[in-house]
1. Within the group Thr502, Thr474, Thr399, Thr449, which residue is free of Cβ contacts under 8 Å to residues at least 40 places away in the same chain and β-branched (Val, Ile, Thr)?
2. Give Ala624, Ala656, Ala640, Ala629 a once-over and let me know the one that is more than 21 Å from Ala509 (Cα to Cα) and modelled with pLDDT under 90.
3. Here are some residues: Ile191, Ile152. Which one is assigned to a helix (DSSP H, G or I), among the β-branched types (Val, Ile, Thr) and at pLDDT 90 or above?
4. Since Arg409 meets every condition but one in (1) basic (Lys, Arg); (2) in a loop (DSSP other than H, G, I, E, B); (3) touching a residue at least 24 places away in the same chain (Cβ under 8 Å), which condition does it not meet?
5. In the range 538-585, which residues are closer than 17 Å to Ala640 by Cβ and surrounded by fewer than 20 Cβ atoms within 10 Å (Cβ to Cβ)?
6. Would you pick out the residues in the range 565-599 that are in contact with a helix residue (DSSP H, G or I) (Cβ under 7 Å, 6 or more places away or on another chain) and among the hydroxyl-bearing types (Ser, Thr, Tyr)?
7. Which condition breaks for Asp464 when tested against (1) among the acidic types (Asp, Glu); (2) under 18 Å from Asp490 (Cβ atoms); (3) over 36 Å from the mean Cα position of the chain (by Cα)?
8. Do we find a residue being in contact (Cβ under 8 Å) with a residue 60 or more places away in the chain, closer than 24 Å to Thr376 by Cβ and surrounded by 20 or more Cβ atoms within 10 Å (Cβ to Cβ) anywhere in the range 511-527?
Amino acid sequence: MSWRPRSALLPRALCGRASRTHRVIRITSSFPCSLCRSCRSLSLLSTNPCHQQLSRFASDPRNTLQSAMADPSTGYLGGAAGARAWATAPSGKPTDGAPYLARFSADNFSAAAYDSSYSKLRRWIEESLDVFKTELKDILFPLFEHCYLDMIAKGMVNEARQFFDSYKSDHVAFHSNDLHQLDMIHFPTQIQENEYARMHRTNRFTVPMTSTTFQLLISFLEDNDFVALLRILNTYVNIDVTNSKAKKKASGNSGVFGLTSNLGEFHAQSEVHTGMPPLDVRVREQIEAALKEEEEREGDTTHRLQHLFRQYRAENPADPPPPKPVPVPPMKAKEVRDTVELIKDVAHRASLSPTALPSICFYTWHNTYDTLTCATMTHDATLIAAGFSDSAIRIHSLTMDPLRAAIPRPGLTPDDMHHLGPADIDAMREPEGSPSKLLRGHSGAVFGTSFSPDKRYLVSCSEDQTVRLWSLETFANVVCYRGHSYPVWDVEFGPEGHYFATASHDRTARLWSCDHIYPLRIFAGHLSDVDTVRFHPNSSYLATGSSDKTARLWDVSRGACVRVFPGHSGAVQAVAFSPNGRLLATAGDDKYVHLWDIASGTRIKKMGGHRGLVTSVAFSSDGALLASAGLDGTVRLWDALKGEGEDEPVVVVDPATGKKKRKKVANNDLIETFRTKKTPAIGVQFTRRNLLLATGPFCPDL
């Protein structure tokens with residue numbers, strides 16, 4: 001993607017030649033003054049009558065820039081005040097700016113004029129700065145819609161259909177219902193007969209926009225003489241201009257009154273319950289009894305573990321659990337012991353904050369830069385599994401304890417092994433193990449691996465379109481799952497260890513259970529590859545990231561999409577839930593990390609700092625910090641609890657030329673940056689005690 005310098009897009013309010021007493025007004029005119037053509041500012045030396053009158057307003061200290069722009073005698077309506085008056089007139093008709101916009105009333109445009117102007121505007125928006133791009137993108141759909149309806153109304157049916165087919169893919173994510181309605185309009189008579197077309201031609205499409213972005217848009221359209229698009233804006237679009245700072249947020253307030261877009265439906269009608277489901281009374285009693293025994297063994301008379309357990313699973317009325325939790329098998333004795341270990345980890349967890357950073361362990365893979373595709377670690381930092389392009393999976397011990405495979409006795413099936421106790425399995429282990437184990441079974445590159453919470457199984461996905469379940473007792477393949485029709489990019493075990501989810505090139509994510517070889521749910525809706533998938537802490541939701549530049553939240557029970565998170569300018573390669581399930585972090589090709597509020601579906605903040613693709617994100621166990629890993633060879637820590645933050649523009653002086661220029665600096669949400677020497681980071685995660693783990697392949701050319 002190409003980028004323009006910031007100075008090429010920001011309007012200049014003052015000309016460089018102006019003195020302190022010689023105030024200069026910038027207007028977006030099709031005839032810039034000859035003196036200041038480079039910045040299209042006008043001065044008192046201009047010979048144009050309209051310019052002279054504006055200059056007289058500017059030179060009078062009693063008048064302000066906005067009063068000059070809004071004065072009817074100038075024949076011009078511009079700036080923030082003028083834009084608001086033109087765009088949001090209560091009557092829906094042009095106000096005092098009509099003389100200036102009179103030339104837009106002509107309606108003799110050709111199909112080529114519509115196509116060319118829309119295509120060039122679309123390309124200009126894609127090349128704009130991120131701070132303006134999202135706002136500018138909101139204007140594309142109403143322009144697309146009315147260009148199509150204009151051509152239909154003029155009888156240019158074939159050209160209109162070609163225009164529709166060329167650009168409809170840009171709007172499928174948020175306007176699929178609108179596209180379906182437009183696709184049924186083929187003849188001029190339908191413009192008046194079709195209810196959808198009649199409503200959109202008689203009601204303005206509202207688009208919120210900041211004043212700076214609005215000025216950039218109008219300047220571009222006028223400079224390129226895109227009169228057809230200006231006429232559509234003047235006739236059918238209601239731009240709600242504000243003076244606030246432009247922010248990259250997807251607006252839920254745009255559209256035609258009375259109609260709701262797909263995105264609005266997700267946000268307004270779909271409830272999301274992020275609370276944890278209640279434990280069964282019998283299971284809770286078993287866990288509390290086990291914790292009491294542990295406290296007696298350690299001589300703890302304060303009952304600290306039991307208090308932590310009650311806090312950990314306490315029900316919050318403000319954060320209710322899902323009405324229909326995902327069914328899971330009854331908790332067994334081993335799961336009870338695992339829960340006790342979890343509470344003990346919480347008791348010994350390090351408290352993190354911007355002033356108390358975690359310890360970091362970085363695991364570097366040597367001689368694997370061209371072959372390593374993925375790597376993941378267990379929650380207690382005892383095992384690491386890596387997938388390679390030669391279809392192999394290698395598991396290493398991080399504690400230097402040898403890995404000893406259990407050799408099943410004759411007649412024992414994998415199901416029998418699953419029901420054996422630890423003592424029985426240990427009795428069957430090989431006498432001497434090895435530091436690593438090699439797993440073979442896939443016939444294509446392995447793109448994802450995930451450990452089960454109890455560390456008894458590993459699940460992997462591959463280019464060969466299959467998912468395989470491996471026993472970490474025998475280090476052998478147990479099950480092969482087939483269902484995807486293209487390579488599978490990612491796989492993730494659920495918190496309970498019974499379900500796992502996959503993401504694929506076939507544009508779907510799928511839900512599986514270990515005891516079924518076919519998918520239980522298919523989550524379809526993304527417009528391109530689904531690159532990553534993660535479970536919500538309560539197992540009732542899935543988050544997916546896609547190459548269509550969006551992340552989505554899915555209801556596991558219904559298989560329905562309940563949230564769409566737009567805003568990225570590249571593929572979303574990584575997603576992560578906060579431990580309390582209320583926040584979602586996304587990152588990817590655009591080098592930014594976004595933090596979202598799940599309940600409202602709105603973005604809290606965007607954090608910049610990486611210089612390369614962001615491959616992985618993870619929250620600390622207490623939710624205070626967010627870690628991200630990137631191909632720029634860095635691991636970065638962000639403040640996850642602070643409110644909204646944006647990259648701030650500052651003026652810096654180039655030491656080589658001495659010229660001033662505007663530059664965006666990273667916001668103060670970035671706490672610390674940890675750099676490797678020559679290792680791109682491909683994975684990052686926190687242990688339950690808040691030790692930060694990261695990994696990547698050594699690259700001598702980085």
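1. On the way: Thr502 fails: free of Cβ contacts under 8 Å to residues at least 40 places away in the same chain; Thr474 fails: free of Cβ contacts under 8 Å to residues at least 40 places away in the same chain; Thr449 fails: free of Cβ contacts under 8 Å to residues at least 40 places away in the same chain.
Sole residue among the options that is free of Cβ contacts under 8 Å to residues at least 40 places away in the same chain and β-branched (Val, Ile, Thr): Thr399.
2. Working: Ala624 fails: modelled with pLDDT under 90; Ala640 fails: modelled with pLDDT under 90; Ala629 fails: modelled with pLDDT under 90.
Among Ala624, Ala656, Ala640, Ala629, only Ala656 is more than 21 Å from Ala509 (Cα to Cα) and modelled with pLDDT under 90.
3. Numbers: Ile191 fails: at pLDDT 90 or above.
Of the residues listed, the single one that is assigned to a helix (DSSP H, G or I), among the β-branched types (Val, Ile, Thr) and at pLDDT 90 or above is Ile152.
4. (3)
5. Pro579, Asn580, Arg582
6. Correct list: Ser569 only.
7. It is condition (3) that Asp464 fails.
8. No, every residue in the range 511-527 fails to be in contact (Cβ under 8 Å) with a residue 60 or more places away in the chain, closer than 24 Å to Thr376 by Cβ and surrounded by 20 or more Cβ atoms within 10 Å (Cβ to Cβ).
The values are calculated or read from the model by the stated rules, or taken from the named source; none is laboratory data. In this text, all values refer to a predicted model and were calculated from it rather than measured experimentally. Positions of Cβ are backbone-derived with ideal geometry, glycine not excepted, and every protein chain shown enters the neighbour counts.
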